[in-house]
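Structure record follows, encoded as structure tokens.
Laboratory data are not the source of any read-out in this text; all were calculated from the coordinates shown. None of these values were measured; they are calculated from a predicted model. No Cβ is skipped: glycine too gets one built from the backbone with ideal geometry, and neighbour counts run over all protein chains shown.
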Amino acid sequence: MPDNDLRPYAVLDIDATLSDTSKRIQFIERRPKDWASFFAHAKEDAVLEEGLAVATKLAEDHEIVYLTGRPERLRRDTVKWFEDNGFPDGKLLMRGNNDRRPSAVMKLARLKTLAEERPVAVLVDDDVKVCAAAEQAGYTVMRADWGLDAETQPTLFEAQETEGRT
């Protein structure tokens with residue numbers, strides 16, 4: 001295994017890529033959206049087994065970076081969720097608590113910063129707009145189609161892209 005200082009980054013999204021958000025999506029399907037409850041219940045998400053398998057496999061020869069639209073205030077719960085569910089260690093990059101940029105904009109900016117440190121080998125994300133923006137910028141993308149997708153769960157994608165909330 002290469003030295004950690006030399007390993008390229010594998011960047012993984014969390015919601016609907018590693019965690020099953022289906023039980024808490026109800027909080028943002030109605031108006032007004034209950035963001036406090038949506039985020040408060042993130043620590044209860046089930047693991048998406050395919051996401052865990054991908055993270056585990058990538059950790060064998062990549063430095064893992066978790067890049068999420070979750071707000072920074074969820075850091076403690078998110079780290080505990082990773083530990084409780086057996087995810088590989090990695091750097092956790094979260095959205096600023098007041099950052100409302102669309103996920104594609106926020107995540108592409110973070111990818112560019114990471115790429116200045118070392119190569120970004122792959123981005124794993126469920127959001128079609130994030131994936132398209134990353135591919136257009138020249139990154140290799142693995143679309144996490146084992147979780148929610150735009151056709152079956154437009155609520156999450158609206159939150160990510162138009163409201164900059166997750």
At a Förster radius of 25 Å, what calculated FRET efficiency corresponds to the Cβ-Cβ distance of Asp89 and Val128, to the nearest 0.05? 0.30
Taking r as the C-beta separation of Ala53 and Arg31 and R0 as 35 Å, the FRET efficiency to the nearest 0.05 is 0.40
What is the angle, in °, between the Cα long axis of helix 75-84 and the longest principal axis of the Cα atoms in the chain? Nearest 10 is fine, range 0 to 90. 70 degrees
If unit charges are put on Cβ atoms (+1 for Lys and Arg, -1 for Asp and Glu) and the dipole of the chain is taken about its Cα centre, the option from Ile28, Ala137, Val79 lying farthest towards the positive end turns out to be Ile28
Per-residue HN-Hα couplings for segment 86-103 [Karplus 6.51, -1.76, 1.60; θ = phi - 60°; Hz; x = Gly/Pro]: x, 6, x, 4, x, 6, 10, 10, 10, 5, x, 4, 10, 7, 10, 5, x, 4
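Which value, in debye to the nearest 20, describes the size of the charge dipole of the chain about its Cα centre when Lys and Arg Cβ atoms bear +1, Asp and Glu Cβ atoms bear -1, and nothing else is charged? Before the final figure, lay out each step's value.
On the way: 24 positive and 32 negative charges, 159 e Å.
So the dipole magnitude of the chain works out to roughly 760 debye.
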Give me the extension gain from Asp99 to Lys43: residue separation times 0.36 nm, minus the current Cα-Cα distance, reported in nm with one decimal. 18.1 nm
For His41, His62, what ranking results if the residue with the fewest other Cβ atoms within 10 Å of its Cβ goes first? His41, His62
With 10 Å bins from 0: P(r) over segment 9-161, alpha-carbon pairs, percent: 11, 45, 37, 7, 0
Long-range amide H partners of Tyr9, meaning residues 5 or more apart or on another chain whose placed amide H is closer than 5 Å, are Glu63, Val120, Ala121
Per-residue ellipticity at 222 nm attributable to helices in the chain (runs of n ≥ 4 DSSP H, -39500 (n - 2.57) apiece, nearest 500 deg cm²/dmol) works out to -10500 deg cm²/dmol
Packing-based exposure ordering (other Cβ within 10 Å, fewest first) of Asp20, Asp126: Asp20, Asp126
Return the whole-Å distance between the Cα centroid of segment 22-45 and the Cα centroid of segment 66-143. 20 Å
Distant-in-sequence amide H partners of Val141 (H built 1.01 Å from N, under 5 Å): Leu123
So which lysines pass the test for Lys129, namely a Cα distance under 28 Å, with those fewer than 8 places away in the same chain ruled out? Lys23, Lys33, Lys43, Lys57, Lys91, Lys107, Lys112
Going by a ≥ b ≥ c, the root eigenvalues of the Cα gyration tensor, does segment 2-52 fall in the rounded group (a/c under 1.5), the prolate group (a/b larger than b/c) or the oblate group? prolate
Using modelled amide H (1.01 Å from N, peptide plane; none on Pro or chain starts), what sits under 5 Å from the amide H of Asp126, excluding residues fewer than 5 places away? Ala144
Among Glu29, Glu49, Glu63, which comes first, then next, by fewest other beta-carbon atoms within 10 Å? Glu49, Glu29, Glu63
Determine the gain in length on full extension of the stretch Lys112-Ala137; use 0.36 nm per residue of separation and subtract their C-alpha separation, reporting nm with one decimal. 8.1 nm
Residue by residue through segment 15-29, what is 3J(HN,Hα) from phi via Karplus (6.51 cos²θ - 1.76 cosθ + 1.60, θ = phi - 60°)? Round to whole Hz and write x for glycine and proline. 5, 6, 10, 10, 10, 8, 8, 4, 6, 10, 4, 4, 6, 10, 7
